[in-house]
1. Relative to the longest principal Cα axis of the chain, at what angle does helix 168-178 sit, 0 to 90 degrees, rounded to 10?
2. If the chain between VAL34 and THR184 were fully stretched, how many nm would it gain, using 0.36 nm times the residue separation less the Cα-Cα distance?
3. Picking from ALA110, GLN128, VAL98, whose Cα lies most toward the positive end of the charge dipole for the chain (charges on Cβ: Lys, Arg +1; Asp, Glu -1)?
4. Show the residues, 5+ positions off or on another chain, whose built amide H is closer than 5 Å to the amide H of ALA115.
5. Which length gain, in nm to one decimal place, applies between THR151 and THR77 when the Cα-Cα distance is subtracted from 0.36 nm times their residue separation?
6. Got a number for carbon plus sulfur as a percent of the chain's accessible area, 1.4 Å probe?
7. Cut-off 10 angstrom, C-alpha nodes, Gaussian network model of the chain. Which of SER122, SER101, SER141 fluctuates the most?
8. Percent of alpha carbon pairs in the stretch 69-110 separated by more than 12 Å?
Amino acid sequence: MFRHSKSVNAVAFSPDGRLLATASSDRAARLWDVRDHRLRAALTGHRDGLVSVAFSPDGRTLATASFDDTARLWDLTDPRHPSPLAAPIAHTDSVNMVAFSPDGRLLATAGNDGATRLWDLSDPRRPQLRTALEAHTDRVSSVAFSPDRHTVATGGYDRTALLWETDAEQIAARVCRLAHPRITSQEWDRYFPGLPYRPPCPS
């Protein structure tokens, strides 16, 4: 049995199945050894209860989400002594869920502010906001990546689930399909006077 002092709101296994992470309203995430049920480490720092927890695909990073309007990344190189990897990742309201892309290069955070944000983890010590997905009309409660990482699914309190394309080349191809026929040289000169004619979509 794995105990907290308040409700446990989320659980996740490490990729190798040896650790269990638990996220609680007591403001802590805890790492437990599945084999002997012993507490390996407590991760503290959030200012309010935790609602989501996720391991990176390589198991070296843990992400947590909290009612304190932030998500955090933790270095699990030594699971007995986890440490914060970066400054807290901020939303303007509670963060309800975190999810890593299958290759671990992106982190998605879904919030009560109606936004899902994708963070570039090329340098996990300096997460960079890649894009904000904002089409839900109410709180976003869940987020997940497709196995190829190019599609993100989100679910919200607005009673909808949405699919988002994250690959820039695929987005450009879709825009070009919708924008057919491509812009003419006359239209280009009208809207972009003085610039060489370089239509963004192939013929």
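The values are calculated or read from the model by the stated rules, or taken from the named source; none is laboratory data. As the structure is a computational prediction, the values presented were derived from the model and not from experiment. Ideal geometry is used to build each Cβ from the backbone, glycine not excepted, and the neighbour counts take in all protein chains shown. Note: accessible area is taken over every heavy atom of the protein model, side chains too, but ligands, DNA and RNA are not part of it. Shrake-Rupley method; radii C 1.70, N 1.55, O 1.52, S 1.80 Å.
1. Approximately 40 degrees, to the nearest 10.
2. Numbers: separation 150, 0.36 × 150 = 54.00 nm, distance 6.38 nm.
Fully extending the segment from VAL34 to THR184 adds 47.6 nm.
3. Of the options given, the answer is VAL98.
4. VAL140
5. Values: separation 74, 0.36 × 74 = 26.64 nm, distance 2.90 nm.
That pair, THR151 and THR77, stretches by 23.7 nm at full extension.
6. On the way: 5770 of 11550 Å².
That fraction is 50 percent.
7. Ranking SER122, SER101, SER141 by mean-square fluctuation puts SER122 first.
8. Values: 555 of 861 pairs.
Roughly 64 percent, once rounded to a whole number.
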